[in-house]
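Encoded as C-alpha cells, the structure appears first; notes follow it.
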Amino acid sequence: MPDTHRTAQPELFTWEFAADPYPAYAWLREHAPVHRTTLPSGVEAWLVTRYADARQALADGRLSKNPAHHSGQAHKTGRVGIPGERQADLMTHLLNIDPPDHTRLRRLVSKAFTPRRVAEFEPRVQQLTDRLIDDFAQRGSADLIHEFAFPLPIYAICDLLGVPPEDQDDLRDWAGAMIRHHGGQRGGVGRAVKKIRTYLLELIHRKRADLGDDLISGLIRASDHGEHLTENEAAAMAFILLFAGFETTINLIGNGTYALLRNPAQRALLQESVQRGEKELLATAVEELLRYDGPVELATWRFATHPLSIGGVDIPVGDPVLVVLAAADRDPARFAGENTLDLARKDNPHLGFGHGIHYCIGAPLARMEGQFALATLLTRLPDLQLAADPAELRWRGGLIMRGLRELPVSFTPEN
C-alpha cells in the first residue's frame, strides 16, 4: 500500500511552517511545482517553486508588477502589495510599475547604488556597525535583531536618502511599526506608512531650498531637469527605497547570523578567514547565506497580463503569481547539497535579490552591509553563541519577507 502520509500535501502559512518552510517547499517542488493556493489574506495565487520556472517567471514581461492587472479586487482593499501603501498614496514605485515608467524611475536612482558610491559609503557603515556593537558589547548579552540588525540598515538608508540625524530615530520607530517589529496590528502599520509619507513630503519641500549630495536631492534635481518626476512619485520612490533598503538587510544579518550559530564548523572557517584579513570567503559566505535562508521568501506580486504557461501549467489572465525564492534556491536540480550551508560555494546563481529588470537595485549596498556586519560581529565577539532554544524563536508574520522577531545571544563582555 502507498504511504499516504509521506505524500500528503503539507499545510502552508502556519506558525510551524514559518519556523521551517523548507520541507513544505521541497514537497511542492516535487509534487506541485506550480501550485494554486489560497493565501492567509484570502487571495488566490500561484506559487512557483522550481529554480528554472522561477527564473523564467521573474524575467517574463507578461507578468506585470502593476496590481491594477489583478482580476480580483484585492488590490483595492490592500490585500496585495505593502500594507498601507494604497491608503497613503504611495503606489507609484519600482515594485508596482512596468516599463517604460519602471525604466525611467529606476534610472533616476541607480546612480546611488553604483559600486563606487557603495565603496564611498563603507566607512560610514563600519562606523555605524561599531557604534551599535559598542552599546551592548560590555553587557555580555544582546538581542541582535532589535539592537543591531534592525537599526544598522535603517540609519544607513536614512543617510543615503538625506534624512537629518535628528529625524532618524523617528523614521526608525515608524519603520519598526511598518514591519510589525513591535507586534503592532495592521491598522498600526497603515498609520506608520502615512506618517512616513507625510514626513517624506515635508523633507522634499525642505530639500528644495537646500539641495545636497543625497538621494532625495538627486530625485528633486532630476525632476527639475525635465524628468517629470511628480511629488508623489518622489515620495513613493523614497518610501520604497527606505522599505526595501532596510527590511531585506535586517533579515540578511539576522538570518545569516542565526545560520552561522547553527553551523559551528562553517562559522569557524569564516571566523578564521576574517581574522586573517581575507575577503574572498566573506564574499561567498554572504551569497551562500542569501541562498540558504535568504531575507526575501517570496518575490513581490506579479499578475498575468496574457495567457502563459509556467512549468507546463496554464496561468489565466489576471491571476497573481508569487515566485518562491526560498524554494527555488534550494532546488536540488540546480544546487548540489541544497540543504547544506557551504560558505565557500562558488557556483551560486541564487535568486535572493531576484532576476530580470526588477533585480534588487540596492543589492550592492545590502551585500556590503551584510559583509561588514558579520565580519565585525565575528571579530569583536568571537565567542558569540545563541542564548535561546531554537524551537522557542519566533519568525515575523507576513508573506514576502523571512526574518526573526528576536535573536538573543551571549558572549564574553568586551573590556
Selection over region 378-390 where residues are under 15 Å from Tyr258 (Cβ atoms) and either touching a residue at least 12 places away in the same chain (Cβ under 8 Å) or under 14 Å from the mean Cα position of the chain (by Cα) (or both) yields a count of 8
Just checking, which of Gly318, Gly311 is within 30 Å of His70 (Cα to Cα), surrounded by fewer than 20 Cβ atoms within 10 Å (Cβ to Cβ) and touching an Asp or Glu at 6+ places or on another chain (Cβ under 6 Å)?
Gly311
Hey, among Ala336, Ala326, which residue is of a type in the set (A, V, I, L, M, F, W, C) and assigned to a loop (DSSP other than H, G, I, E, B)?
Ala336
How many residues are in contact with an Asp or Glu (Cβ under 9 Å, 6 or more places away or on another chain) and modelled with pLDDT of 80 or more if we restrict to region 54-92?
5
Selected residue (criterion: surrounded by the most Cβ atoms within 10 Å (Cβ to Cβ)) from residues of region 21-44 that are modelled with pLDDT under 95 and over 14 Å from Glu11 (Cβ atoms):
Val43
Looking only at region 125-155, which residues are open to solvent by 40 Å² or more (accessible area, probe 1.4 Å) and either of a type in the set (Ser, Thr, Tyr) or assigned to a helix (DSSP H, G or I) (or both)?
Gln126, Gln127, Asp130, Arg131, Asp134, Asp135, Ser141, His146, Glu147
Of the numbered conditions (1) over 26 Å from Thr376 (Cβ atoms); (2) among the aromatic types (Phe, Trp, Tyr); (3) modelled with pLDDT of 90 or more, Trp174 fails exactly one; give the number of that condition.
(3)
Among the residues of region 219-235, is any at pLDDT 85 or above and under 23 Å from the mean Cα position of the chain (by Cα)?
no
Can you find a residue in region 347-364 that is surrounded by fewer than 13 Cβ atoms within 10 Å (Cβ to Cβ), touching a residue at least 60 places away in the same chain (Cβ under 8 Å), assigned to a loop (DSSP other than H, G, I, E, B) and among the charged types (D, E, K, R)?
no
Single condition Thr376 does not satisfy, out of (1) of a type outside the set (Lys, Arg); (2) surrounded by fewer than 18 Cβ atoms within 10 Å (Cβ to Cβ); (3) farther than 30 Å from His35 by Cα
(2)
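The values are calculated or read from the model by the stated rules, or taken from the named source; none is laboratory data. From a predicted model like this one, the values you see are computed outputs, not experimental measurements. A quick note on method: Cβ atoms are made from the backbone with ideal geometry, for glycine too, and the neighbour counts reach across all protein chains shown. With ligands, DNA and RNA removed, areas are computed over all heavy atoms of the protein, side chains included. Shrake-Rupley method; radii C 1.70, N 1.55, O 1.52, S 1.80 Å.
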